[in-house]
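Participant: Dropping the structure in here first, questions after.
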Amino acid sequence: MDLQADLVERAQSGDEAAFQELIDAHRHELHLHCYRMLGSFHDAEDALQETLIAAWRGLSSFEGRSSIRTWLYRVATSRCLNMLRSARAHAGEEALMQSTELPQPTRLGEVLWIEPYPDALIDRVADRTPGPEVRYQSTEAVSLAFVTALQLLPPRQRAVHILRDVLGFHAKEVAQMLESTEESVNSALKRARATVRERLPASGTGNGAPPQSSPEERALVERFTRAFQSDDIEALVALLTEEVRISMPPMPFEWQGHERAREVLRTLEPGRQLVATRANGQPAFGLYVPDPHAPILHAVGLLVLTLAGDRISAITHFDTSAFSSFGLPRTLPRRPV
């Protein structure tokens, strides 16, 4: 009997330590799967916990006809679909309200709720050989643009697209996971691919971006940091593509182009500071502004940059709710002038 089979047998007999050892190898990739399904880091944590509870309670039904990994993905996908069916409303009416300090948006976005995902957790996912049906590189499959496009798909199409094109499971395996037929899976995949293909070229997927942590990426990030912290608006605009997009989830607004970007950047408070991090395979920063009454800076948001060549094609501003998952502090000491 191999190690995994032994662990399964012990776990099925009620050995919690064996169960923990069995699922630990898959915990991080399941969390990332739930994030792709839900678009929310915090909902992914909830879905993962529900997955592990359901797996523990239902382990007696595992008959070894598939790998334990495939079975866990089946359970996780089911949990996520249940959460999506419950139509959790993250964005209240306040999300639809625009701050009077911001310029008029160019357009309304289609996805109200999405959260960033820390690269530090992506790096913990085991480096597995992609399945035979995989169509996306790992960096593209975690980009904000790709995850946003996924949220535009109906839940079952979303599940099929992720399981087939991101994780590379066979159509037969996906049909078994979703208790469906191969014909139904292939039909859903065709529709999902058409939708994602339509959305991604307009939003950009990060294609054409310099390699992660390359000298080119570092140089662009350094120029952005220098211009942003020195309040050099024109230097910032010069780093942006002509069709740059700025968005601030969960507000459903986008500002597109140099002039609107310039107007948005002018609303930022002077004296701001950035702390570098990474999210969704992209450069990111904790954003801090000075306290008018104390020698500290307060966190006000998380910026994620989408790069295209030697320019920035999108800036996404998130609130501070993600700071704990990125290990970012809520306050910083103010630097001496």
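The values are calculated or read from the model by the stated rules, or taken from the named source; none is laboratory data. This structure is a prediction, so every number in the text was calculated from the model and none was measured. So basically every Cβ, Gly included, is an ideal-geometry build from the backbone, and we count neighbours across all protein chains shown.
Participant: Residues in segment 203-211: is at least one touching a strand residue (DSSP E or B) at 6+ places or on another chain (Cβ under 9 Å) and over 22 Å from GLU140 (Cα atoms)? Spell out the reasoning first.
Facilitator: Kept after step one, since they are touching a strand residue (DSSP E or B) at 6+ places or on another chain (Cβ under 9 Å), are these residues of segment 203-211: 203-210.
Those still in the list that are over 22 Å from GLU140 (Cα atoms) too: none.
No, because not a single residue in segment 203-211 is touching a strand residue (DSSP E or B) at 6+ places or on another chain (Cβ under 9 Å) and over 22 Å from GLU140 (Cα atoms).
Participant: What single numbered condition from (1) part of a helix (DSSP H, G or I); (2) within 23 Å of CYS80 (Cα to Cα); (3) without any contact (Cβ under 8 Å) to a residue 12 or more places away in the chain; (4) of a type outside the set (Ser, Thr, Tyr) fails to hold for GLU179?
Facilitator: It fails just one condition, (1).
Participant: In addition: Looking at segment 259-317, which of its residues are more than 23 Å from the chain's Cα centre (by Cα) and assigned to a strand (DSSP E or B)?
Facilitator: The answer is GLN273, VAL289, PRO290, ILE296, LEU297, HIS298.
Residues are listed down the side, and each one gets a yes or a no for (1) touching a helix residue (DSSP H, G or I) at 6+ places or on another chain (Cβ under 8 Å); (2) surrounded by fewer than 15 Cβ atoms within 10 Å (Cβ to Cβ):
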{"residue": "GLN273", "(1), (2)": "yes, no"}
{"residue": "ALA276", "(1), (2)": "yes, yes"}
{"residue": "LEU287", "(1), (2)": "no, no"}
{"residue": "LEU303", "(1), (2)": "no, no"}
{"residue": "ALA314", "(1), (2)": "yes, no"}
{"residue": "THR320", "(1), (2)": "no, no"}
{"residue": "SER324", "(1), (2)": "no, yes"}
{"residue": "ARG335", "(1), (2)": "no, yes"}
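Participant: With (1) touching a residue at least 60 places away in the same chain (Cβ under 8 Å); (2) at negative phi as the list, and GLY257 as the residue in question, which single condition is left unmet?
Facilitator: (2)
Participant: Based on this model, can you work out whether GLN282 counts as crowded, with 22+ Cβ neighbours inside 10 Å, under 25 Å from ALA120 (Cβ atoms) and either modelled with pLDDT of 95 or more or not small (Gly, Ala, Ser) (or both)? Please lay out each step first, then the result.
Facilitator: Details: crowded, with 22+ Cβ neighbours inside 10 Å: yes; under 25 Å from ALA120 (Cβ atoms): yes; either modelled with pLDDT of 95 or more or not small (Gly, Ala, Ser) (or both): yes.
So GLN282 passes the test.
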